[in-house]
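Participant: Pasting in a structure now, in structure tokens, and then I'll have a few things to ask.
The values are calculated or read from the model by the stated rules, or taken from the named source; none is laboratory data. Quick caveat, the model's predicted, so the values are computed rather than measured. Heads up, the Cβs are rebuilt from the backbone with ideal geometry, glycines too, and the neighbour counts pull from every protein chain shown.
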Amino acid sequence: MKLRKMTTIAASALLVALAACTPTRTTKSAGEGLDDGVITTRVKAELARNDRTSALRTNVETFRGTVQLNGFANSTEEKAEAGRVARSVPGVKRVDNNLKVDASRRSAGEFVDDKVIVTKVKADLIADPVVAGHEVTVEAHDGVVLLGGFVDSADQKAQAERVASAVGGVKSVDNQISIKTRS
């Protein structure tokens with residue numbers, strides 16, 4: 001009887017543990033998270049290795065094999081090359097190339113202003129009770145804010161845009177956030 005009770009308890013604990021690891025429509029299993037992390041790292045490494053792309057100006061996010069490229073490129077050729085590089089990485093199912101082409105040269109003051117805007121937008125997103133701020137990437141160039149990443153709902157996506165638009169110095173917001181879907 002004692003052995004049977006211990007077996008029942010162990011089986012129950014195993015079922016609870018397995019249920020906790022089961023992905024939902026908007027979450028990943030532990031394996032999916034690991035796979036996406038590996039894909040992100042490989043894409044970043046390939047962008048850094050390629051002399052025709054800028055790994056520093058490109059933010060890479062991955063959710064269930066979908067790679068999102070956010071940031072700025074100096075030319076349409078650089079943007080296209082970044083997309084090609086990302087698609088060449090094993091495990092990539094799809095690439096959303098949200099890079100914005102901007103070949104203008106900026107002063108140090110303009111660069112600092114954009115960094116201040118990014119910091120303010122990120123802080124406001126993290127403080128917002130609706131937005132999953134840690135899941136949103138923020139880039140800025142000349143006051144134009146580019147939002148990327150993956151969130152759980154359309155409400156979170158819309159709220160992220162409202163929050164970013166309200167930050168001083170933001171001229172416009174390009175909301176490229178994707179809503180998580182089950183693959």
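Participant: Which residue, of 44, 79, 93, is surrounded by 18 or more Cβ atoms within 10 Å (Cβ to Cβ) and at pLDDT 90 or above? Before you say what the answer is, go through the steps one by one.
Facilitator: Values: 44 fails: surrounded by 18 or more Cβ atoms within 10 Å (Cβ to Cβ); 93 fails: surrounded by 18 or more Cβ atoms within 10 Å (Cβ to Cβ).
Within the list 44, 79, 93, the selection yields 79.
Participant: Then there is this: Applying the selection to the range 114-129, what residues are surrounded by fewer than 15 Cβ atoms within 10 Å (Cβ to Cβ) and free of Cβ contacts under 8 Å to residues at least 24 places away in the same chain?
Facilitator: Answer for the range 114-129, where residues must be surrounded by fewer than 15 Cβ atoms within 10 Å (Cβ to Cβ) and free of Cβ contacts under 8 Å to residues at least 24 places away in the same chain: 119, 123, 126, 127, 129.
Participant: Separate question: Pairs, please: C-beta under 8 Å, at least 6 apart or cross-chain, first residue within 14 Å of residue 180 (Cβ to Cβ) and modelled with pLDDT of 90 or more and in the range 130-149, second charged (D, E, K, R) and in a strand (DSSP E or B)?
Facilitator: These pairs meet every condition: 148/61; 148/139; 149/61.
Participant: From the set of residues in the range 46-70 that are touching a residue at least 24 places away in the same chain (Cβ under 8 Å) and aliphatic (A, V, I, L, M), which is farthest from residue 148 (Cα to Cα)?
Facilitator: Only one residue tops the list, namely 47.
Participant: Test residue 137 against the stated conditions and say whether it is out of contact with any Cys (no Cβ under 6 Å at 6 or more places or on another chain), among the hydroxyl-bearing types (Ser, Thr, Tyr) and surrounded by 15 or more Cβ atoms within 10 Å (Cβ to Cβ). Step through it out loud before you land on a result.
Facilitator: Details: out of contact with any Cys (no Cβ under 6 Å at 6 or more places or on another chain): yes; among the hydroxyl-bearing types (Ser, Thr, Tyr): yes; surrounded by 15 or more Cβ atoms within 10 Å (Cβ to Cβ): yes.
Criteria met by residue 137.
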